[in-house]
Amino acid sequence: MNSLTNKDNLHTYKIAQHWVSKDFGISCTLCPHNCFLKDDEVGICRTRANKNNELVALTYGYPCAIHVDPVEKKPLYHFLPGSSTYSISTVGCNLRCANCQNYTISQVEFIRDEHKYVSPEQIVKSAISQNCQSISYTYTDPVVYYEYMIDTAQIAKAHGLKNILVSAGYIHKKPLRQLCQFIDAANIDLKCFDDDVYQRMSGARLNHVLDALQILLEENIWLEITNLIVPGYSGDLGMIEKMCRWLVDNGFAHVPLHFSKFYPTYKLNEVEPTSLLSLKQAYQIAKSMGMKYVYLGNVADADYARTLCSQCGALLVERMAYQTIIQGMKTEKCKQCRLKVEGVWK
């Protein structure tokens, strides 16, 4: 565990949720790492600390990134297509992914003097002023700024905005169910389907992520899944087939599945980019296993970003870069065969 610096004036930090006091320290119960923190120690996430036997949320109100994005960038293809989402993040992460594309903000210590305070009320006001229909908690992993996210999400919901969780899904069941009261949609990064590889890639365990997926499904949160295909790690076709079989067998056949191309970055700088052939093979496996909506991300071929009717094959939605054109649907149904298309379309 890390220790707090002298620059941190902790009496002004928000008391965190989901922890228990124990002899000689605190146990954080937000995520499956279950960090035990002695006084002045900081958790794996770099955002939650023990101060005077209370758990505090260091980054509460101090975003490191604020942007307006197309919702398709999350990626969400079946949720308010063509709309803008107000994206926020703080530093920190509870995973240690060797391939992290946002490592300059996820894998750094929090220094409050480097960030400006922005209240949840200010976030919501700004999102509304910029004509966003939703707020996305994204970029790093919003699990680690849980209190900031949940307070913002409550206010956003009261003002008619939707809330989007973009996460690796490494969170305990109780705090996730609490969050589901305010979240409308989620994209979960299912990194692979092998526990040993999961631990090697990110320091996480597969079963906890699967639990999170099932809870989101049970709570009727609109869900989409991203699987980054990293050669030598998550690119095994047998593993991909096993993953798709589990998804279909457990009620996720209608959930859009995004296979994403890996580009060398961070600690995997020497690994080759994912080949288009590997992505297309994954696509065919998922479709053959019964996944209704499969997409390829980080590729130039727009054909693999289209939404086709799962019954008659008609073209429903065309996507070019982040431009979305709905052309084959009317009142959320396929114009050709009248099948209702899963998603939140308006």
Scanning segment 18-63 residue by residue, those among the polar types (S, T, N, Q), out of contact with any helix residue (DSSP H, G or I) (no Cβ under 6 Å at 6 or more places or on another chain) and either crowded, with 22+ Cβ neighbours inside 10 Å or not in a strand (DSSP E or B) (or both) turn out to be Thr29, Asn34, Asn50, Asn52, Asn53
With the condition kept exactly as written, say whether any residue in segment 88-100 is touching a strand residue (DSSP E or B) at 6+ places or on another chain (Cβ under 8 Å) and at pLDDT below 95. no
Can you find a residue in segment 306-322 that is in contact (Cβ under 8 Å) with a residue 12 or more places away in the chain, polar (S, T, N, Q), more than 19 Å from Ala253 (Cα to Cα) and not assigned by TED's automatic domain parsing to the domain that holds Lys261? no
Of the residues in segment 122-160 that are more than 24 Å from Leu55 (Cβ to Cβ) and touching a helix residue (DSSP H, G or I) at 6+ places or on another chain (Cβ under 6 Å), the one that is surrounded by the fewest Cβ atoms within 10 Å (Cβ to Cβ) is His159
Selection over segment 174-204 where residues are over 26 Å from His78 (Cα atoms), over 16 Å from the mean Cα position of the chain (by Cα) and assigned to a loop (DSSP other than H, G, I, E, B) yields a count of 2
Count of residues meeting criterion [farther than 18 Å from Ile240 by Cα, surrounded by fewer than 22 Cβ atoms within 10 Å (Cβ to Cβ), touching a helix residue (DSSP H, G or I) at 6+ places or on another chain (Cβ under 7 Å) and not aromatic (Phe, Trp, Tyr)] in segment 181-207: 0
Could you count how many residues in segment 284-305 are within 23 Å of Arg338 (Cα to Cα), free of Cβ contacts under 8 Å to residues at least 60 places away in the same chain and assigned to a loop (DSSP other than H, G, I, E, B)? 3
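Taking segment 158-175 as the region of interest, how many residues are more than 22 Å from Pro81 (Cβ to Cβ) and touching a strand residue (DSSP E or B) at 6+ places or on another chain (Cβ under 9 Å)? Step through it out loud before you land on a result.
Filtering segment 158-175 down to residues more than 22 Å from Pro81 (Cβ to Cβ) leaves 158, 168-175.
So of that shortlist, the ones also touching a strand residue (DSSP E or B) at 6+ places or on another chain (Cβ under 9 Å) come out as 168-169.
So the answer is 2.
To keep it simple, each residue is scored yes or no on (1) on the phi > 0 side of the Ramachandran plot; (2) touching a strand residue (DSSP E or B) at 6+ places or on another chain (Cβ under 9 Å); (3) not aromatic (Phe, Trp, Tyr).
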residue	(1), (2), (3)
His254	no, no, yes
Tyr266	yes, no, no
Val294	no, yes, yes
Val299	no, yes, yes
Thr307	no, yes, yes
Gly313	yes, no, yes
Arg319	no, yes, yes
Ile326	no, yes, yes
Val344	no, yes, yes
Determine, yes or no, whether Ala305 is surrounded by 16 or more Cβ atoms within 10 Å (Cβ to Cβ), under 21 Å from Ser84 (Cα atoms) and not β-branched (Val, Ile, Thr). yes
Hits in segment 124-150 - residues which are touching a Ser or Thr at 6+ places or on another chain (Cβ under 8 Å), among the hydroxyl-bearing types (Ser, Thr, Tyr) and farther than 17 Å from Cys28 by Cα: Ser134, Ser136, Tyr137, Thr138, Tyr139, Thr140
Residue check, Gln336 at pLDDT 95 or above and in a loop (DSSP other than H, G, I, E, B): yes
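Considering only residues that are assigned to a strand (DSSP E or B) and touching a residue at least 60 places away in the same chain (Cβ under 8 Å), look in segment 114-150 and name the one that is farthest from the chain's Cα centre (by Cα). Break it down stepwise before answering.
Looking only at segment 114-150, we keep the residues that are assigned to a strand (DSSP E or B), and these are 134-137.
Then keep just the ones that are touching a residue at least 60 places away in the same chain (Cβ under 8 Å); that gives 134, 136.
Values: Ser134: 15, Ser136: 9 Å.
Out of the qualifying residues, it is Ser134.
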Complete set of residues in segment 81-96 that are part of a loop (DSSP other than H, G, I, E, B) and surrounded by 24 or more Cβ atoms within 10 Å (Cβ to Cβ): Thr90, Val91, Gly92, Cys93, Asn94, Leu95
So Lys333, is it surrounded by fewer than 20 Cβ atoms within 10 Å (Cβ to Cβ) and either within 24 Å of Cys100 (Cβ to Cβ) or among the charged types (D, E, K, R) (or both): yes
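The values are calculated or read from the model by the stated rules, or taken from the named source; none is laboratory data. Keep in mind that this is a model prediction, so the values were computed, not measured. Virtual Cβ from ideal backbone geometry, glycine too; neighbours counted across all protein chains shown.
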